[in-house]
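Novice: To start, I am sharing the structure in question, which I have written as C-alpha cells.
Derivation of every value follows stated rules applied to the coordinates shown; laboratory data play no part. Computed from a predicted model, the values in this text were never measured in an experiment.
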Amino acid sequence: QLIAELREMARLDAGRQQPQREHFAAAPLLQQLADEFGPAARRAGVRLRCRPGSLWLYSDRALVYRVLQNLLGNAIKYGAPGDVLLGLRRRPGGAELQVIDCGPGISPQDQVRIFDEFERLEGGSRDDEGLGLGLAIVRRYAELLDLPLRLESQPGRGTLFSVILPRGEAQGTEPRIETSGQAELAGARVLCLENDARVRSAMLAMLESFGCRVHAVADRQGLRDALTRKHVDVVLADYHLDSGDTGIDALRAVCSGLSSPLPDVVIISADDGPDTRLAAQAAGYRFLPKPVNPARLRALLRALLDARGVAVDRGRGDP
C-alpha cells in the first residue's frame, strides 16, 4: 500500500493522470465500495451502512472510486468502534457523496493541515504504518476533477468528508447492483500463505470482498495443516517467508506428499525481478507483483477457476 501511494503521488505530480469522464450510476459504485470494505469494517467493530440513492453522475468513475476508497478507509480506521455511513445526498444540479463516521472528530487546527502530505493524526490503529498520504491523494484528485471537497467535524462528535459531483444522464437501464452475496467469485476456496500479519489481514479482506472462502496461514506448518484438511482451489503464496523460507520451497515440500489434486498457485512478491519470476515459472506457478492490483488478481482467479472447471456459485458454507 505504501509503494502504491507513493507511485500514485508521483503520477499525480508528474501530470500523467488525466480524467476520463463518463456518465455512470451512483448506486453500483457505492455498493461496490460497501462490499469491498465490509470485511474490514466487521473486523474493526464498525457497522458500515450504505445509502446509495438512484442518481446518475458525470465524472471519472475510477478516480471518484479512489477518492471514496481513501475516505472510507480513514473513516473505518478512526471511527472504530462505531457507525460509518456511505451515502448520497441530492444537491442542485448534482449530488454529494458523503462518508460520515462517529469517531473522535478533528480539531479546527488539524483540519487546516489534514490534507497535506505526510500528515497523520492520532487515534488510528497502533498497527497502522501509513505515510499520511491518503487525504493528500483525495485532495489532488478532487482538484484534478474540479470537485468541491468538504470537511465538517467537531471533536468528540464525528467527521463528515464529501465530494460534490455534477449530475449525469441515464445511459439506458441502471446496472444491476452486485452485492457480496452475488460476488463473481462467491464460493471459490482460496488459501493465502503470508507471514506478515497486516498484509495477511488485508489480503483476507480483499478476497472476502470478492466472495471467496478464504483461509490464511503464516508459515510452512500452517500450509501443511491447511492443505491436509481442506480442499483448496487456489493458493496465493508470498515469496519471502520467515527464517529464510520461501513460498515456492514451502509449497514444493508440502505438495509432494499430497494425494489429493494440487491447487493452482500464484506467487506474490514485491521482489519482481527476473530471478523471482523465473523461479515461479520453473515451479509451474503464476506470479503477481506487490502491491497487488485487485482487478488483476480477480481476473487471474477467475481465469484459473474457469480453466479448472470450478463452479463458484456453490454458496458460502463449508463443503
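Novice: Taking θ as phi - 60°, what are the ³J(HN,Hα) couplings along segment 249-258 by the Karplus curve (6.51, -1.76, 1.60), each to the nearest whole Hz, with x for Gly and Pro?
Specialist: Computed from phi, the couplings for segment 249-258 are 5, 4, 5, 4, 5, 6, 5, 5, x, 8 Hz.
Novice: On to the next question. Which shape class, rounded, prolate or oblate, goes with segment 231-287 when its Cα gyration tensor gives a ≥ b ≥ c as root eigenvalues, a/c under 1.5 marks rounded, and past that a/b bigger than b/c marks prolate?
Specialist: prolate
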